[in-house]
Each structure stands twice: as C-alpha cells, then as structure tokens.
C-alpha cells in the first residue's frame with residue numbers, strides 16, 4: 001500500500017490506495033493510545049484527504065492487531081494536562097480532530113480491531129460506519145477516572161445508541177463485547193476476525209464506486225436531521241439534492257443503467 005507522510009508524527013500514518021484514504025493510529029506499544037501530537041496529525045490527515053478529489057472514502061484503523069484506539073495517552077497527562085490551560089488546549093485539539101473527522105465531506109469507516117476505549121469510542125463515533133472484528137471490546141471508563149464528559153461527546157453517543165444504552169455505558173464504565181455493541185447499535189457490523197480488513201475493503205470499494213455527490217448529499221442531510229430543528233439548514237439540504245440532479249454523474253448514471261453497464265462516476 002503506497003504511503004504518504006502527511007502527519008507531524010510517525011505515530012500516525014496516512015496512505016492513499018486508489019480512491020480510499022487510510023488513516024492508521026500507529027502506537028501499538030501503548031495499544032494506540034493517542035497523544036496530543038497524534039490528535040493534531042489526525043486533523044492534518046483528514047483535511048488532506050477531504051481536499052483530495054481522488055479520495056472518495058476514508059478508513060480509520062489501529063496498528064498492531066490488538067487495539068483500534070485505547071483512549072488518551074495517560075503517560076503525557078502530567079506534562080500536557082497538568083494545568084487548567086493545558087486541559088483546555090488538549091480538549092480543543094482533540095475536539096477539533098474528531099469534529100473534523102465527523103464533518104469531512106466524504107464517507108468514513110472505522111475498522112475496529114481489538115480495544116476501542118474512551119477516546120477510541122469518540123473516534124469511532126465520529127465515523128459514518130463502524131465495522132468490528134469479533135474480538136473487539138468497547139468501553140468509556142470516565143466514571144473510573146473521575147473525568148467529566150461534555151455535552152457534545154455525550155450527545156454523539158446518545159445519537160447513535162440512544163439514552164438508555166448511553167447511560168449504561170457511562171454508568172457502569174465496563175467493557176462491552178462486539179456482539180453487545182452490535183445489539184446497542186454502536187457498530188454496524190461484526191465480522192470474523194480474519195474477515196475484518198477484507199470486509200472493510202469491500203465496503204470501501206462499494207461506496208467509492210457510487211456517485212460521490214449522492215453519497216455526500218446523504219451525509220449532509222443525515223447530519224442536518226440530527227440537529228435541533230431550529231438549527232437545521234433546509235436550504236443546504238435542497239442545494240445538495242439539486243446539485244446531484246444537475247450533475248454529469250446523474251447523466252452517466254442514467255446512461256449506464258440503460259446500457260446495462262457499470263457507471264463511471266467523476267464527482268461532478
């Protein structure tokens with residue numbers, strides 16, 4: 001897989017493989033715990049992939065086969081989160097990274113192998129789809145650490161699993177199996193361990209072959225539906241729909257259907 005170094009740390013790897021951009025948390029010795037530099041690099045990579053017209057799908061994964069992301073790198077807390085100002089800076093950087101991932105204008109897939117804990121759950125929830133291996137484990141241990149979780153982070157979980165399961169996850173602070181996560185709606189699919197990457201590649205390829213403007217419009221509209229009604233941008237929703245119907249891809253889609261061939265979409 002060709003690799004492009006965009007990150008400011010070797011603990012984040014960016015790779016472009018045809019229409020799929022791969023982001024790898026590369027800190028396996030610490031089960032891919034995330035440092036401040038890694039949060040900063042994540043935002044850099046996502047912005048680069050978001051602006052690259054050749055990239056149609058973004059996949060997030062962890063290195064080493066034992067963890068997706070196991071949370072924040074606690075070893076740097078004394079240095080990076082010792083004062084109130086440090087805590088705010090760390091929060092702002094990590095929030096910018098996950099928000100950038102959540103709102104990038106392309107579909108995103110979290111490939112979850114092993115532990116997905118704390119900040120790892122936040123990263124996974126920032127993706128559009130979550131596909132997990134059978135051995136994946138999920139948890140948010142804030143209540144065991146005395147941490148506070150702000151509204152945006154709590155709501156992101158509630159929007160996916162609902163209030164009752166969100167309370168169970170936070171109140172118990174325990175780890176949940178992949179099957180439990182599936183039952184809660186925390187993940188879209190659970191697959192056999194040796195089928196995880198092939199399944200993700202298949203899904204990424206399937207999405208990449210579809211009309212980018214249509215896929216992007218659905219991401220935009222669903223994002224608007226999750227907002228409070230008073231904050232929804234109905235005009236934007238109509239705008240992205242109209243753009244699809246005015247596109248060359250709409251002509252290509254109709255033509256390919258009539259000619260009984262696979263369409264070749266260009267995102268314009």
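What follows is calculated from the coordinates using simple rules that are stated; it is not laboratory data. Worth saying up front: this structure is predicted, and the values here are computed from it rather than measured. As a convention, Cβ positions derive from the backbone with ideal geometry for all residues, glycine included, and neighbour counts pool all protein chains shown.
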At R0 = 35 Å, how high is the FRET efficiency between residue 91 and residue 52 if r is their beta carbon distance? Nearest 0.05 is fine.
0.75
Cα gyration tensor category, rounded, prolate or oblate, for the stretch 30-145 with a/c compared to 1.5
oblate
One would report the Cα pair-distance distribution of the stretch 94-219, bin width 10 Å, in %, as 13, 43, 34, 10, 1
Can you classify the stretch 212-258 as rounded, prolate or oblate using the Cα gyration tensor, where a ≥ b ≥ c are the square roots of its eigenvalues, rounded means a/c under 1.5, and otherwise it's prolate if a/b beats b/c and oblate if not?
prolate
From the helices alone, meaning DSSP H stretches of at least four residues, give me the mean residue ellipticity at 222 nm for the chain, per-run term -39500 (n - 2.57), in deg cm²/dmol to the nearest 500.
-14500 deg cm²/dmol
With springs connecting C-alpha atoms under 10 Å apart, model the chain as a Gaussian network and identify which of 222, 117, 74 has the largest mean-square fluctuation.
222
As I understand it, the value is the acute angle between the Cα axis of helix 151-161 and the longest principal axis of the Cα atoms of the chain; what does it come to in degrees, rounded to 10?
60
Considering the chain as a Gaussian network with a 10 Å cut-off on Cα pairs, which listed residue, 101, 36, 147, attains the greatest mean-square fluctuation?
147
Just rank 243, 56, 268, fewest to most, by other beta-carbon atoms within 10 angstrom.
268, 243, 56
Highest-MSF residue in the chain out of 223, 118, 62 [GNM, Cα springs under 10 Å]
223
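Which whole-number percent is the relative contact order of the stretch 59-171 (Cα, under 8 Å, 6+ apart)?
Computed over the stretch 59-171, the figure is 27 percent.
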The percentage of Cα-Cα pairs in the chain separated by more than 30 Å is 30
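Evaluate E = 1/(1 + (r/R0)^6) for residue 168 and residue 238, where r is the Cβ-Cβ distance and R0 equals 25 Å; express this FRET efficiency to the nearest 0.05.
0.05
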To the nearest 0.05, the calculated FRET efficiency linking residue 147 and residue 194 through their beta-carbon distance, R0 being 35 Å, is 0.50
Counting only C-alpha contacts under 8 Å and six or more residues apart, can you give the relative contact order of the chain as a whole percent?
14
